[in-house]
Structure formats: structure tokens, C-alpha cells
Amino acid sequence: MSGSEGRVLGIGGFFLRSRDPWALAAWYRDNLGMVASKAGEPDPEGRWMWEQEAGGTVFSTFPADTDYWQTERQVMLNLRVTGLDDLVARLEAAGSPVERRAEWDHPEVGRFGRVQDPEGNPIELWEPPAA
């Protein structure tokens, strides 16, 4: 595939159903520093989009019975981060425990942590290795 022959450029959005959309959006803003809003409205500062830093995105499928994340959840959000240790400390101080396992970390792939948002959606925090 080449040029402008109709191709996907990247992820344009990530949408979650929520029992309390404003509260869940606030958790993502307050704990992960993302621009997050309730559908059809900007965030409290008037922003509509989260401007990501350039970098790779893994788009991968897993078997239906994978134990990589909780089986009752169809998807897991993986966020590329920097300063994983500081982010983990901030999340835990805010009452969101982060699971870390030595076997998840690989020098050639990076370091990982797992947290759930207030509605139980799984989030994997991925700090790629330094270039």
C-alpha cells in the first residue's frame, strides 16, 4: 500500500461506555494526564483532543481465552508512558493500585504496570526501552 490510496494513519479516538462519564474522564485527566472528556463536550479547559507524542502503536489480537488481562473484559488499553516509576507512585497515592511483575519487563521491549480505571477497565502502562 502506498501514498494516499486509502489507509489508516493512526488511532483517532478511544471510546468507553461509562456509568458516570464525567467522573471517569476526570480520573483519566487527573491520574494519567490525558485530555479526556464526556461525549460531545470538551474537557473543563475547552480541549477536545489529546495530542500524543509521536511513537509506535501496537495493534494486536489475542485468543478469546487469553489470561493476559481479565477474561470478562473484551479490550485492554495499553498506554505508552515515560517515568513509569513516578506514574505508578502517583496512581497508588491516589488510591489506584498498580500491579508490577518482574517477568513482564524485558530490556528489548520495555517495562510494564497494570492498573484499572474506576469502572474496572484494564490499562497496561508501557514504558518502552530508552533509544
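Listing for the model above:
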item	result
For the range 61-70, Karplus couplings with θ = phi - 60° (6.51, -1.76, 1.60), whole Hz, Gly/Pro x	9, 10, x, 4, 9, 4, 10, 5, 8, 4
Under 5 Å, built H, 5+ apart or other chain: amide partners of Leu79	Glu124, Leu125, Trp126
FRET efficiency, Lys38 to Arg80 (Cβ-Cβ, R0 25 Å, nearest 0.05)	0.55
Reference-scaled alpha-carbon Rg (2.2 N^0.38 Å with N residues) for the range 74-131	1.09
At R0 = 35 Å, FRET efficiency that the Cβ-Cβ distance of Trp22 and Glu51 yields, to 0.05	0.95
DSSP bridge pairs, the range 10-131: antiparallel proportion in percent, nearest 5	65
Distance from the range 69-123 to the range 21-45 (C-alpha centre basis), Å	19
Residue exposure sequence - Ser37, Ser60, Ser96 - by fewest surrounding Cβ within 10 Å	Ser60, Ser96, Ser37
From the coordinates shown, Cα extents along the principal axes in Å corresponds to which of [x] 45, 41, 33; [y] 37, 34, 24; [z] 75, 41, 26	[x]
Neighbour cut-off at most 16 other Cβ (10 Å), DSSP loop, chymotrypsin sites (Phe, Trp or Tyr not before Pro), the range 7-83	Phe14, Phe15, Trp48, Trp50, Phe59, Tyr68
Antiparallel bridges, percent of DSSP beta bridges restricted to the range 74-131 (to nearest 5)	65
Calculated FRET value between Glu72 and Glu5, using beta carbons and R₀ = 35 Å, to 0.05	0.35
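Rule-based calculations on the coordinates, nothing more; no lab input. Model, not experiment: these values are computed from the prediction. All Cβ positions, even for glycine, are placed from backbone atoms using ideal geometry, and neighbour counts span all protein chains on display.
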